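The structure appears right after this line, and notes come after that.
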Amino acid sequence: MKKALILLSALLFVTLSTLAALHFLSAKPPVGLLEQTHRDLTAARDSEAGEYEAATIAEAEKLYELAQEELKKENEKVFFLRDYNPVINTAKRASDKAAEAVDKTNARKTELSNSQKQKIEEVRNKLDHFEEYYANLPLNKRARQDYTTAKLKFLESEKAYERQAYLVVENNLNEAKRLISKSVTAAHNHLSDYFSSLPSWKRWVDETISWSRVNDASAIIVDKFAHKCYVYNNGKLVREFEAELGPNWIGDKNYRGDKATPEGKYHVTKLKTGKNTIYYKALLINYPNEEDKERYRQNVRSGRIPNRGPGNLIEIHGGGGKGVNWTDGCVALTNDDMDKLWRYVSVGTPVTIVGSTKSLQEINGH
Amino acid sequence: MKNIVKAFLGVAVAAVMFTSCAKAPEVEINNAKAAVEAVKAIEAARYVPAEFNALQDSLNAALLEVENQNAKFALFRSYKKANATLANVMTMSEQVKANTETRKEEVKAEAQQALAEVTTLVNEVKELITRAPKGKEGKEALEAIQGDVVLVESFLAEVSTLINNGDFLTALDKVKAAGEKANGLKTELEAAIAKTKRR
């Protein structure tokens, strides 16, 4: 009996020793590797891969979950039957995917950052261009609205760009670009129509300067686009004043009350001072001339304008310096400038009013 | 002889008892996972990313520790370390939850304050419009500015919606943009008013 017990004990000892040895030598779970994989996933999420490379990071996370499941499954097996190689392979694939997500995210961010930087400059230039050349023009409401919305979207994009939220920047910046391009195109087309009369304007200006030279007398030229009133004497430019016009100064005057400043070759018909004018001093010109009257009749006949009369009492007068176009179609100078102008004029002095003395390309490079 | 048999039985019973005690902490694991999910649901990853990542790392470490123990011979398993980590996950998740709420409130307050400031600015612009030169003097310019104010106000209405939806960062971008535009309008109006006064 004693021998049997000793034998049993020895057998038990050998069995346990064998099991312990097998256990000791059997595969160990790749916990360290899985921890590293998890850190790789965290790094990927930190790089905002969730936003920029959602599909890749989702795949990496799925692989990591699979690795965990495989680990669990292997641990449920008898220890000497466990094989952690599939777990290791899956974890490595998850790490690779996480690294791929980081690389792709960084590449996408760099690409967006560079392209958006360029686009921001482009939109800023368009906005500046619009502000410099078109913002103060009497454009239609839509063009102004589009410009303002573009400006707001642009400013919002700039703020988002500063905090590197490139995905937010993209949509707003594209919208800002679309709107400002639309406004610039509308304004440019509007002005292109306006500038179609440039050859006539240039001819009028040349004729007026020539008249001044030939007659050794003074002549006035008003450049509506430049908002300038030039005084020529003996064919030479002697004075230059800032001028304010009617709010609808783009285009010719068509009828009474249209708040447009006429374009044409006129002359001073009356000099007004004191009680004769409410604008300090005024030079009445012969608007409408015969050409204006004929154009008015044609426009009324064709139904293009209302039959309100062509208007009259167009003057160069004082009271200006408000910084806006406010007259009913007259040309307003400051009272000081009226005093200076007064010295050069008399009844009959030519007054040529043109849309511009320069081409649109000379003005804004387009 | 009897003593030897008793000793064998004793060892066997002790071994069984020992094995029975070392069970994987399933309840604690489920609780910890639920706590992390709850924190994720309140956008902790967005507002306190570092803390949220640390929380996830802790949960992961606990789960791996459980599997590490599961891989051992039953007699040698110990879930003490895993339990401690899981308990820490529960504590951390409470902290992260509180910090997320605090950060959210901070950003929300920042956005609301910015919105209030720009709203005041827009009201100042509106007040300046009433004082700006009227009549034919600058009527067109005033109408254009009024149109711009309407657009700025519609922008601010979008800000309110964003704040209500919890998108505070986008709300801040928008409110700052509206503020910049409103400031431009204010300067424009002040210049026009000053010009009128000089005449």
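General remarks:
- Of every Cα-Cα pair in the stretch A:26-119, the percent that sits beyond 23 Å: 35
- Interface residues of the stretch A:134-159, defined as those losing at least 10 Å² of solvent-accessible heavy-atom surface relative to the isolated chain (probe radius 1.4 Å), are listed as A:LYS141, A:ARG144, A:GLN145, A:TYR147, A:THR148, A:THR149, A:LYS151, A:LEU152, A:LYS153, A:LEU155, A:GLU156, A:LYS159.
- Between 0 and 90°, nearest 10: helix A:141-162 axis offset from chain A longest Cα axis: 40
- Globularity index of the stretch B:42-170 is 1.96 (Cα radius of gyration / 2.2 N^0.38 Å, N = number of residues).
- Semi-axis lengths (Å, descending) of the ellipsoid that matches the C-alpha gyration tensor of the stretch A:197-358: 24, 19, 14
- If you wrap the stretch B:104-198 in the convex hull of its Cα atoms and look at it from every side, the mean projected area works out to 5.7 nm².
- Equivalent-ellipsoid semi-axes for the stretch A:292-357 (Cα gyration tensor, √(5λ), whole Å, largest first): 29, 15, 10.
- Accessible-area composition of the stretch A:120-195, carbon plus sulfur, in percent [1.4 Å probe]: 44
- Listed residues A:GLU69, A:GLU207, A:GLU100, most fluctuating in chain A (Gaussian network, C-alpha, under 10 Å): A:GLU69
- With R₀ fixed at 35 Å, the C-beta to C-beta distance from A:THR15 to B:ASN31 puts the FRET efficiency at about 0.30.
- Accessible solvent surface per residue of chain A, calculated while the other protein chains remain in place, 1.4 angstrom probe, Å²: 50
- Whole-number D in µm² s⁻¹ for the stretch A:157-242, Kirkwood Cα-pair radius fed into Stokes-Einstein, 4 °C, 1.567 mPa s: 78
- Per residue, the stretch B:45-105 exposes 48 Å² of accessible surface when a 1.4 Å probe is rolled over the protein heavy atoms with every protein chain present.
- The sum of -39500 (n - 2.57) across all DSSP H runs of n ≥ 4, divided by the residue count of chain A, sets its helix-only mean residue ellipticity at 222 nm to -19500 deg cm²/dmol.
- Kirkwood Rh and Cα Rg combined as Rg over Rh, evaluated for the protein assembly as shown: 1.34
- Using a 1.4 Å probe over protein heavy atoms, the accessible area lost on pairing A with B, summed over both chains, comes to approximately 3800 Å².
- Label sites at A:ARG308 and A:ALA226, each approximated as a point 7 angstrom past Cα along Cα to Cβ, lie 3.1 nm apart.
- Within the shell of other residues whose beta carbon sits under 15 angstrom from the beta carbon of B:ILE42, the net charge comes to -2, with Lys and Arg scored +1 and Asp and Glu -1.
- Looking at the stretch B:38-139, the GluC sites (Glu not before Pro) that sit in a DSSP loop and have at most 16 other Cβ atoms within 10 Å of their own Cβ are B:GLU43.
The values are calculated or read from the model by the stated rules, or taken from the named source; none is laboratory data. All values derive from a computational prediction rather than experimental measurement. Don't worry about glycine lacking a Cβ; one is built from the backbone with ideal geometry, like all the others, and counts go over all protein chains shown. Quick note on the areas: whole protein, heavy atoms, side chains included, nothing else; ligands and nucleic acids left out. Shrake-Rupley method; radii C 1.70, N 1.55, O 1.52, S 1.80 Å.
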